[in-house]
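Take a look at the structure below.
The values are calculated or read from the model by the stated rules, or taken from the named source; none is laboratory data. Keep in mind the model is a prediction, meaning the values are calculated, not measured. Every residue, glycine among them, receives a Cβ derived from its backbone with ideal geometry; neighbour counts consider all protein chains shown. Accessible surface is based on the protein model in full, side chains and every heavy atom, while ligands, DNA and RNA are left aside. Shrake-Rupley method; radii C 1.70, N 1.55, O 1.52, S 1.80 Å.
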Amino acid sequence: MKLLSRTEELLLLAIWRLQDNAYTVTIQKQLQTVTGKTWSFGALFVSLDRLVQRGYLTSDLGEATPDRGGRRRRMYLLTAAGKQALLEIRRIETAMWTGLPDLIFSGPST
Amino acid sequence: MPHPPPPRLAETVLRALFPDEVDETRLGDLEEVYHHIGLRAGYVRARQWYWMQVVRAFLPSLSQRFAWTFVMLRNYLHTAFRHLRRHTIYTVINVFGLSVALAVAVLAYLFIHSEMTYDRFHPAYDQIYRVGTAIYFDGLDTWENTPYPLGDALATTVPDIAHATRLTSLPDCLVRVEDQRLETNIHLVNASFFDLFAFPLAGGADPALIDEPNTVILSDAARLRYFGTQDPIGQRLDLSLQNGSFSPFIVAAVAEPIPENSSITFDILISEAHYGTAFGEAALTEWFPKSRTATFFKTTPNANLAAIQTALNGLSEAHGLDRFLAGHEVAEKLPIERLDQVHFSTRFTNRILQPAADPAYAYILGGVALLILLIAGINFMNLAVGMSASRATEVGMRKVLGAHRGQLMGQFWTEALVLTLLSLGLGMGLAAGLLPTFNALADKTLTLQPYLTLETAGVLVGLALLLGLVAGSYPALVLSNFRPVAVLKGKLRLGNRSRFGQAIMVFQFAVSVFLIACTLIMARQLRHVSQLDLGYDAELLVLQDLPRGAD
């Protein structure tokens with residue numbers, strides 16, 4: 001299985017956290033709060049579409065509200081495959097991180 | 001309170017640019033945030049944010065599109081050169097045909113441009129008119145000669161006139177430079193001549209110098225003829241204005257070369273103060289159009305021409321010019337003609353200005369040039385069709401490997417453009433080489449120099465691009481349309497020409513035969529003219545005009 005990219009990992013995690021309230025606006029807000037960076041909607045749309053296409057997400061049409069100009073929401077939900085991919089990347093990261101020599105004091109002396 | 005909706009234009013742009021990614025829900029997402037920002041920071045900021053999102057979505061895709069276009073273009077050029085090198089005969093025939101056609105087109109353009117812009121180098125040329133005298137003698141005629149006092153009367157009695165000036169021609173005079181005696185034309189003017197006409201003097205010399213008696217202003221051609229490389233300013237030359245007596249003149253200034261397409265030409269300008277000497281003091285006040293004096297005036301902007309004509313008729317009546325009309329009622333007794341119409345006008349009988357030309361020559365030459373360009377274009381297409389047998393496999397292969405039709409069209413069009421640009425270079429060289437011969441034939445002194453500008457280069461490259469686009473359209477549209485499976489199975493039927501192809505072929509041959517026939521007929525006609533028995537032996541006859549003062 002192809003490993004997730006960092007952006008994809010962050011997106012999936014945000015959606016998992018948001019549970020029933022995951023749509024582009026909340027996802028963007030979540031990412032912005034945690035990373036402190038602005039995420040353009042264009043980039044989010046493309047990545048979300050790719051994740052749906054790869055089967056890590058499903059999308060559903062939600063309700064329309066007046067503050068959206070009467071337009072409906074596209075709600076995202078993590079699939080089993082998405083959850084599997086997240087666990088896989090976490091396992092790899094943990095494996096890579098454990099048992100490392102001390103990062104801070106073992107570099108070349110300054 | 002109703003909130004302003006997000007910019008509709010931005011929504012439309014997004015939809016158009018990203019039809020796959022952007023749907024109602026996405027626009028809804030954007031609108032939600034837009035209102036959020038709008039309520040918190042104002043809708044001006046919100047609108048800025050919205051457009052920023054559009055730009056940020058578009059920029060990466062833009063640079064990507066750009067990069068791919070560039071890569072493909074390089075590939076097109078590469079394959080185009082490879083194809084042209086590999087099919088040498090095809091390339092040579094095509095480039096030869098196109099470059100000859102372009103050379104002809106360039107020469108025709110030079111000729112037509114010169115003819116159509118005759119006398120237009122004078123500032124406000126459309127406010128400058130010449131006056132003639134209506135004479136009834138075996139029918140109505142308009143003389144270019146005008147009474148000498150007319151020029152002075154214009155400024156005082158005719159409305160809407162800014163300046164008036166005269167040009168008096170004194171033909172067949174003698175000029176003596178050191179020990180040489182040469183025949184020449186002398187023109188008499190005063191300083192106002194330079195107010196109307198753009199004949200700048202070398203080194204910015206003051207045109208008022210002409211009003212000094214016994215000074216001359218030389219044309220650049222005359223300077224070269226009389227003084228060669230010497231500095232002519234202050235040199236002496238002797239002119240005989242009448243009866244063989246020479247009087248001394250000093251060169252005061254030299255005019256810049258006169259543009260090739262000028263109806264007014266001169267070699268030697270002297271002051272009008274010598275008019276009395278040349279024509280007799282009585283002629284100065286005589287209302288009689290016997291001397292070779294042309295009169296010009298410049299109107300004020302938006303002048304009332306009808307009022308000017310009425311005033312001129314009044315002048316004619318007041319000074320008894322009506323007696324030349326033999327009692328006939330003529331609407332324009334002192335007819336006027338705008339400067340830019342002089343060259344093609346047959347109304348006036350020109351003796352002072354350059355003889356009038358027939359615009360038909362320009363049109364015919366333009367037509368021939370267009371026909372030749374058309375033939376070269378058709379030739380190009382026919383060759384492309386002939387090559388299509390060998391190219392069909394290439395097209396099929398490319399399609400199998402995933403080339404879009406648009407890319408194949410790009411490839412064929414690039415090939416055509418490379419050919420035409422190559423031909424343009426060669427054609428320009430050819431035109432430059434043929435120009436002296438063409439000048440001798442057309443009795444012109446055209447040069448390429450005034451046209452060596454960025455503007456002309458743009459026009460020429462544009463022309464070549466257009467030619468390449470049109471001529472390359474057949475291979476681009478037809479060859480790129482081959483069905484790969486049919487081609488690769490060898491099922492493509494070639495040599496089965498469409499009606500359009502046949503019609504083009506017939507047209508091309510018809511035009512070729514027409515042009516060749518015209519050339520042959522003209523050649524035989526000219527031979528006939530030169531060999532016709534005139535009844536005398538031209539070899540042993542000499543015609544000699546006696547110059548003034550060569551008793």
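See the values below:
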quantity	calculated
Residue in the stretch B:258-269 that is modelled with pLDDT of 90 or more and not in a loop (DSSP other than H, G, I, E, B) present	yes
Residue among B:Tyr90, B:Tyr76, B:Tyr118 that alone is under 24 Å from B:Ala471 (Cα atoms), buried (at least 18 other Cβ atoms within 10 Å of the Cβ) and away from chain A (no Cβ under 14 Å)	B:Tyr76
Residue that is nearest to B:Gly38 (Cα to Cα) [pool: residues in the stretch A:18-70 that are in a strand (DSSP E or B) and either among the β-branched types (Val, Ile, Thr) or open to solvent by less than 40 Å² (accessible area, probe 1.4 Å) (or both)]	A:Gly62
Residues being within 14 Å of A:Val25 (Cα to Cα), without any contact (Cβ under 8 Å) to a residue 40 or more places away in the chain and open to solvent by less than 80 Å² (accessible area, probe 1.4 Å) - total across the stretch A:71-97	1
Selection status of B:Leu339, touching a Phe, Trp or Tyr at 6+ places or on another chain (Cβ under 7 Å), modelled with pLDDT of 90 or more and within 28 Å of B:His187 (Cα to Cα)	yes
Checklist (1) surrounded by 12 or more Cβ atoms within 10 Å (Cβ to Cβ); (2) facing chain A (nearest Cβ under 9 Å) applied to B:Asp20, failing item	(1)
Residue match in the stretch A:67-85 (condition: modelled with pLDDT of 90 or more, at the interface with chain B (Cβ under 10 Å from one of its Cβ atoms) and within 23 Å of B:Pro60 (Cα to Cα))	no
Tally, over the stretch B:194-230, of residues that are in contact with a His (Cβ under 6 Å, 6 or more places away or on another chain) and open to solvent by less than 20 Å² (accessible area, probe 1.4 Å)	2
Any hit, the stretch B:398-406, residues being part of a loop (DSSP other than H, G, I, E, B) and either modelled with pLDDT of 85 or more or aliphatic (A, V, I, L, M) (or both)	yes
Hits in the stretch B:119-176 (condition: within 35 Å of the chain's Cα centre (by Cα), closer than 15 Å to B:Phe296 by Cα and of a type in the set (Gly, Ala, Ser))	B:Ala124, B:Gly132, B:Gly151, B:Ala155, B:Ala162, B:Ala164, B:Ser169
Residue list for the stretch B:101-115, filter: crowded, with 19+ Cβ neighbours inside 10 Å and aliphatic (A, V, I, L, M)	B:Ala101, B:Leu102, B:Ala103, B:Val104, B:Ala105, B:Val106, B:Leu107, B:Ala108, B:Leu110
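Residues are listed down the side, and each one gets a yes or a no for (1) more than 9 Å from chain A (Cβ to nearest Cβ); (2) over 14 Å from A:Ala43 (Cβ atoms); (3) small (Gly, Ala, Ser):
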{"site": "B:Pro6", "(1), (2), (3)": "no, yes, no"}
{"site": "B:Ala41", "(1), (2), (3)": "yes, yes, yes"}
{"site": "B:Arg45", "(1), (2), (3)": "yes, yes, no"}
{"site": "B:Ser63", "(1), (2), (3)": "yes, yes, yes"}
{"site": "B:Trp68", "(1), (2), (3)": "yes, yes, no"}
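Yes/no matrix, rows are residues, columns are (1) within 18 Å of B:Ala164 (Cβ to Cβ); (2) charged (D, E, K, R); (3) assigned to a helix (DSSP H, G or I); (4) under 24 Å from the mean Cα position of the chain (by Cα):
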| site | (1), (2), (3), (4) |
| --- | --- |
| B:Ser291 | yes, no, no, no |
| B:Ala303 | yes, no, no, no |
| B:Thr310 | yes, no, yes, no |
| B:Gly327 | no, no, no, no |
| B:Ala356 | no, no, no, yes |
| B:Val368 | no, no, yes, yes |
